[in-house]
Amino acid sequence: MSSRTVLTPARSRTRPPNARIRRDADASRYFAIETRLELKARLAKLRPALRRLLVQAKLAWLRCSLDAPAASQLVQQGEALASALARAFAMASGAESAPLAEYQALVARVECELATFQSLVASVATGSFQSPGEEDEEGDESPSEEEEGEEEVTYPRHPQRFDLPSMATYCQQVAPPYSSYLSTANGKKA
């Protein structure tokens, strides 16, 4: 029995370092959980911005239908943002896991890409987007003598109107009056 009493004090001496390790591990788990919750909250704040960005991106896409560089840049940045968002939201929901440092880097990257994509969408939607090739070409161009002599074709007898006529104006100018559709008692049109 004396051997048991000898082992007991030895075990009690080794417990304090293990207890400290456990406390440190518990603290690091706690801070990791807190950090993950904070990252999840940061991602949740992006959701309303994503809804607005979707509407703006649709308008920008319609606007850049003839501008291939703007369209390709919208697609490339949009796809990169969408894949990063999908992975970040999967990590936030717990469907996917990764080390905490990787998760933090992903959330920071998503926020940065979202801001970049928002500025691109805004510039395309407002028409102020310039592709890198356009900036170089604009300074080199000088109008030739033939182009200076040409003027825009205008039709002086027909005023240019950029608004659509109202339905009342259309009916007055084009459509027959309502009374012409009514039939009389004899079955003849008036």
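The values are calculated or read from the model by the stated rules, or taken from the named source; none is laboratory data. Note that this is a predicted model, so its numbers are computed, not measured. Here the Cβ positions follow ideal geometry from the backbone for every residue, glycine too, while neighbour counts run over all protein chains shown.
Scan 88, 98, 125 and give me the residue that is closer than 15 Å to residue 50 by Cβ and at pLDDT below 90. Working first, answer last.
On the way: 98 fails: closer than 15 Å to residue 50 by Cβ; 125 fails: closer than 15 Å to residue 50 by Cβ.
From the options 88, 98, 125, the qualifying one is 88.
So residue 83 fits all but one of (1) surrounded by 14 or more Cβ atoms within 10 Å (Cβ to Cβ); (2) within 18 Å of residue 97 (Cβ to Cβ); what number is the exception?
(1)
Looking at region 38-59, I want the residues that are more than 26 Å from residue 129 (Cα to Cα) and have a partner that is modelled with pLDDT under 85 and loosely packed, with under 13 Cβ neighbours inside 10 Å with Cβ atoms under 9 Å, at least 6 apart or on another chain. Which pairs are those?
Note: pairs meeting the criteria are 40/93.
Do you know which of the residues in region 57-85 that are of a type outside the set (Gly, Ala, Ser) and not in a helix (DSSP H, G or I) is farthest from residue 114 (Cα to Cα)?
66
Which residues, counting only those in region 86-104, are surrounded by fewer than 16 Cβ atoms within 10 Å (Cβ to Cβ), part of a helix (DSSP H, G or I) and over 19 Å from the mean Cα position of the chain (by Cα)?
Matches in region 86-104: 93, 100, 101, 102.
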